[in-house]
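**Student:** Would you mind keeping the following structure in view while I ask a few things?
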Amino acid sequence: MCILELFAALLLATAVLSYLNVPLMISTLVFAVVLGIYTYLAEAGPAVYTLWVVFIAGTLALNIHMLRRMLISNFALKLFRTLMPPISQTEREALEAGTVWWESDLFSGQPDWDKLHAYRKPVLTAEEQAFLDGPVEKLCDMMDDWQVTDNLHDLPKEVWDFLKEHRFFGIIIPKEYGGHGFSALAHSDVVMKLASRSIASAVTVMVPNSLGPAELLLHYGTDEQKNRYLPGLASGAEIPCFALTEPQAGSDASSMVSHGIIAKGIFNGKEIIGIRANWSKRYITLAPNTTVMGLAIKLFDPDHLLGDKEDLGITVALVPANTPGVTIGRRHEPLNIPFLNGPITGENVFMPLDYIVGGIGYAGKGWHMLMERLSIGRGISLPALGTSASKLVARGVGAYARIRRQFRLPVGRMEGVEEALANVAGQTYAVDATRRFTVGAIDAGERPSLASAIAKYNITERMRTVVNNGMDVQGGAAIVLGPRNFMGGVYQSVPISITVEGANILTRTLIVFGQGVIRAHPYVLKEMEASAEKDNDKASMAFDHSLFRHIGFTMTTAVRTLVSGLTCAAFLPARQSTPAAPYYRQLGRMSSAFALASDVAMMALGGKLKRMEKLTGRLADAISNLYIASAVLKKFEDDGKQEGDADLMRWACDDALYRIQESLDGFLHNLPSRPIAFALRLFIFPFGKPYIPPSDRLGGKIARLLMEPGYARDRLTAGIHVSRDKNQPLGRIEDALVKVIRAEAVEKKIAEAMRAKKIKAGDQGKMLEEAVKAGLITEDERRIAVESEKARLDVVTVDDFPHDYWSKRNAV
């Protein structure tokens, strides 16, 4: 055996051991056996002795932990501390908030598909379903969104009364306090259904049940605070809001100017130690008529009335709106969507310490509280709004494309329109899968901060493209506002969902990857914690333990990525007996590729990666699409692998794989170190980029699904309000769709008769009468065609108003 054969054997052993993730000690024994075989077969000489000396030295250095720390880990720790920037207190609290869930499997490079499908499918209880079928449907029927938007600029009094009577503000509040105590799925479904009828009503219900006083009280409040406020919040006697955003502090809480000083003052005629606060907040939903606000301020104790610490940190308090110094009542105009939203100011407001949520012990813990609970609201409310809009477009615009005709055929049969409809259908399936997957985690007791950020960002962004597709297909009918238009308000509201609870640009670049890679990666957070340890011995031991496991993890990921690329993922695990089987393997391949790219980026760029948001944004897109595809696969199986849904599943997975590929390709094109990028590309795409977007043929299939009444269309759009009232936009379209399809056979006969010159082309009514006289169609068929054309015209008709409509309204 020559030396080259030895090195080839050692390289092969390294690859196999890395792929199988064999422990270091066992790997050492394997190398010893290989070297022993070489020694036996080769002639003894200096080369053999040198190899054994190097092997023994390496074995001792790597397997004796104390020696390994002295020779390797302590130097690596110093370098790590130099390269990695210190974590601020707000960043640390954000990292510590919430839990890590399925996303950790995706970061591992080896997702456990059995684990994915072991997660319980979220299901409504009978009580929750009855609430959706009863009060929620009734509320949708009550809403006149044009009247709310164009005239009242608020919900009607009878709607406010209905909301309070049926405890819509107490969806998440336990029954013991007078609420419903519903699940996250029910909360999401309520918001989704309401939003399909009226964005203003959905937001009004959504906010008190997401990030608001109730959510904070339930998890951090004292018993006294819960008993005082929760019953009133559930009944609607108390109208809550949460005051966080201010002119100089949006996503950056450390820039918050609003503050409170621990001081002595008079409250209810007695001198007490309390908080004297000043603040100016804006964009606060329900602020104009709130009765109690959650307030985030920076709290200081300059006179040390509570202890030695002066800067106590961000603190959350519950403040009644009638407290002296509080000013409410003014309103913002959020893109003509008239939910109540406005500023709140407080000047020299004095309040007792027991206004702090959780009591004095929670002073300074506000940012942790907000980060943890924001992940809940971010995972429920905004994904529900985005999914609602997507389902509404799929249902309404899909049918409209069958009803509306140009060039003597339904516009949905034109390939350009079909392409837009395919995107609507496929993205709607993907966003609903993501919504249900995420609320399922919340109902299982998780606080999935990363998964919620992925859901919020991607669902609202995809909603944007779906709504734009819908506007393009409907054209002028979507532009002209009025009672007939169901798309205009949705289009206007799109930026609201994208902006609130973390603007999408920052969510993508700072949270999904920036915080996600630290939380979900198996070793990075442990290494950072070790580097922050003040005790050098403890730091050395902890860092050594994590470092070498991290090195092994990276080697395993690299070999797995290369092997799966060379074999087209043929040997990766997949669930059998399902049309989705190939996608499990390809997603496993891309999970390894993503994990490798992330590790190499962190090692090559260190702390600079945090500031290279274009790179982290692309990695965020990769992990996002891995998550979305996982949700799609789970939904397909949870729904019983319905044949009618298979094409939707395929389209969504093809789209996700292509997006992952393009994200990683963009990352590699822009990685500063070109040699590293070249090497990474060989591992990730050894034969070039393997994925293409969903095919035109597949897109055509799912586009036609939107234009055909049936179970697949009903499943795709389930959960929105579909009125059967022909005076309502969606009810009018649903009625026309049935009539138009029923008349197509008659219209085909008429077209054939015209081509055969049995009747003359002209006015439809005259052609139908002539066809009846000629015995080409029956009187019943003529009536069906007439009713169809009447319904079609009713759908494509748009609103118009008297010339003085607006001047008269403004005068009133």
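The values are calculated or read from the model by the stated rules, or taken from the named source; none is laboratory data. All values reported here derive from a predicted model rather than from experimental measurement. In this analysis, Cβ positions are derived from the backbone assuming ideal geometry, glycine residues included, and neighbour counts consider all displayed protein chains. We work out accessible area using only protein heavy atoms, side chains counted, and drop any ligands, DNA or RNA first. Shrake-Rupley method; radii C 1.70, N 1.55, O 1.52, S 1.80 Å.
**Student:** Over 12 Å apart: what share of the alpha carbon pairs of the stretch 523-575 falls there, rounded to a whole percent?
**Tutor:** So the portion of pairs separated by more than 12 Å is 68 percent.
**Student:** In 10 Å bins starting at zero, report the fraction of Cα pairs in the stretch 658-754 per bin as a rounded %.
**Tutor:** 12, 24, 19, 15, 15, 12, 3, 0
**Student:** Taking the Kirkwood radius as the inverse of the mean 1/r across Cα pairs, report the Rg/Rh of the stretch 118-165.
**Tutor:** Radius of gyration relative to Kirkwood radius: 1.19.
**Student:** Then there is this: What number does the stretch 541-652 give for Rg over Rh if you use C-alpha atoms and the Kirkwood radius?
**Tutor:** On the Cα set of the stretch 541-652, Rg over Rh gives 1.06.
**Student:** Then there is this: Below 8 Å, C-alpha to C-alpha, sequence gap of six or more: please give me the relative contact order for the stretch 664-757 in percent.
**Tutor:** In percent, rounded to a whole number, it is 10.
**Student:** So what's the net charge close to Gly232: Lys and Arg +1, Asp and Glu -1, counting the other residues with Cβ under 15 Å from its Cβ? Could the numbers behind the result be given before it?
**Tutor:** Working: positive: Lys164, Arg167, Lys226, Arg228; negative: Glu165, Glu176, Glu224, Glu238.
Local charge sum for Gly232: 0.
**Student:** Kindly report the accessible area of the stretch 387-505 per residue (heavy atoms of protein chains, probe 1.4 Å, no ligands, DNA or RNA), in Å². Provide the component values of the computation, followed by the final result.
**Tutor:** On the way: 3660 Å² over 119 residues.
Accessible area per residue, the stretch 387-505: 31 Å².
**Student:** So, for the stretch 516-642, what is the accessible surface per residue at a probe of 1.4 Å, expressed in square angstrom?
**Tutor:** Working: 4680 Å² over 127 residues.
Heavy-atom SASA per residue in the stretch 516-642 reads 37 Å².
**Student:** Write down the Kirkwood hydrodynamic radius of the stretch 151-243, to one decimal in angstroms, obtained as one divided by the mean of 1/r over all alpha carbon pairs.
**Tutor:** When all Cα pairs of the stretch 151-243 are included, the Kirkwood radius is 13.3 Å.
**Student:** Based on the inverse mean of 1/r over its pairs of different Cα atoms, what is the Kirkwood hydrodynamic radius of the stretch 55-193, in Å?
**Tutor:** 21.4
**Student:** Also, I was wondering about something else. Calculate the length of the line joining the C-alpha centroid of the stretch 533-548 to that of the stretch 589-641, in whole Å.
**Tutor:** Using only Cα atoms to place each centre, the spacing works out to 28 Å.
**Student:** Another question, if that's okay. What is the Cα convex hull volume of the stretch 323-391 when expressed per residue in Å³?
**Tutor:** 127
**Student:** Then there's this: In whole percent, what relative contact order does the chain give with Cα contacts below 8 Å and a gap of six or more residues?
**Tutor:** Value for the chain: 14 percent.
**Student:** State the Cα centre-to-centre distance between the stretch 130-159 and the stretch 424-454 in whole Å.
**Tutor:** 27
**Student:** Please work out the ratio of the alpha-carbon Rg of the stretch 371-456 to 2.2 N^0.38 Å and round it to two decimals.
**Tutor:** Ratio of Rg to 2.2 N^0.38 Å for the stretch 371-456: 1.41.
**Student:** Another question, then. If the convex hull of the alpha-carbon atoms of the stretch 256-342 is projected onto planes in all directions, what is the mean projected area in square nanometres?
**Tutor:** 6.3
**Student:** Net charge near Thr245, counting Lys/Arg +1 and Asp/Glu -1 over other residues with Cβ under 14 Å of its Cβ?
**Tutor:** Working: positive: Lys281, Arg282; negative: Glu246, Asp252, Glu501.
Spelling it out: positives minus negatives among the neighbours equals -1.
**Student:** Sum up the charges of everything whose Cβ sits under 15 Å from the Cβ of Glu271, counting Lys and Arg as +1 and Asp and Glu as -1, but leave Glu271 out. Before the final figure, lay out the partial values.
**Tutor:** Details: positive: Lys264, Lys270, Arg276; negative: Asp303.
That sum, taken over residues with Cβ under 15 Å, equals +2.
**Student:** Same structure again: Enumerate the lysines that Lys226 could reach by cross-link, defined here as Cα to Cα under 16 Å, with residues fewer than 8 away along the same chain left out.
**Tutor:** Cross-link targets: Lys175.
**Student:** Cβ neighbours within 10 Å, averaged per peptide: list 733-743, 24-34 in order, most packed at the top.
**Tutor:** Highest to lowest by the protection proxy: 733-743, 24-34.
**Student:** Tell me, what is the FRET efficiency for Thr465 and Met555 to the nearest 0.05, using R0 = 35 angstrom and their Cβ-Cβ distance as r?
**Tutor:** The formula returns an efficiency of 0.35 here.
**Student:** Share of the chain's accessible area from carbon and sulfur, percent, 1.4 Å?
**Tutor:** Of the solvent-accessible surface of the chain, carbon and sulfur hold 57 percent.
**Student:** With all pairs of different alpha carbon atoms counted, what Kirkwood hydrodynamic radius in Å does the stretch 297-433 show?
**Tutor:** 20.0
**Student:** Using packing as a proxy for protection, rank 180-187, 547-554, 307-314 so that the peptide with the highest average count of other Cβ atoms within 10 Å comes first. Provide the component values of the computation, followed by the final result.
**Tutor:** Details: 180-187: 22.1, 547-554: 18.9, 307-314: 14.0.
Top to bottom by mean Cβ count within 10 Å: 180-187, 547-554, 307-314.
**Student:** Efficiency by 1/(1 + (r/R0)^6): what FRET value for Asn322 and Met142, r their Cβ-Cβ distance, R0 = 30 Å, to the nearest 0.05?
**Tutor:** For R0 = 30 Å, the calculated efficiency reads 0.50.
**Student:** Could you give each residue of the stretch 20-36 its phi-based ³J(HN,Hα) in whole Hz, using Karplus coefficients 6.51, -1.76, 1.60 with θ = phi - 60°, and x for Gly or Pro?
**Tutor:** So the Karplus estimates, Gly and Pro as x, are 8, 6, 6, x, 4, 4, 5, 4, 4, 5, 4, 4, 5, 5, 4, 5, x Hz.
**Student:** While we're on this one: If the stretch 708-763 were replaced by its equivalent ellipsoid, with semi-axes equal to the square roots of 5 times the Cα gyration tensor eigenvalues, what would those be, largest first, whole Å?
**Tutor:** 33, 14, 6
**Student:** Quick one, which of (1) 31.2, 109; (2) 32.8, 115; (3) 47.9, 163 is the actual Rg and Dmax of the Cα atoms in Å calculated for this model?
**Tutor:** Looking at Rg and Dmax of the Cα atoms in Å for this model, the match is (1).
**Student:** Quick check: convex hull over the Cα atoms of the stretch 456-589, volume per residue in Å³, rounded to an integer? Working shown, then result.
**Tutor:** Numbers: hull volume 23.2 nm³, N = 134.
Convex hull of Cα atoms, per residue: 173 Å³.
**Student:** Based on the mean of other beta carbon atoms within 10 Å per residue, what is the order of 797-805, 744-752, most packed first?
**Tutor:** 744-752, 797-805
**Student:** If R0 is 45 Å, what FRET efficiency do you get for Val772 and Lys614 from their C-beta distance, rounded to 0.05?
**Tutor:** 0.10
**Student:** Using the heavy atoms of the protein chains alone and a 1.4 angstrom probe, what is the accessible area of the stretch 210-364 per residue in square angstrom?
**Tutor:** Per residue, the stretch 210-364 has 41 Å² of solvent-accessible surface.
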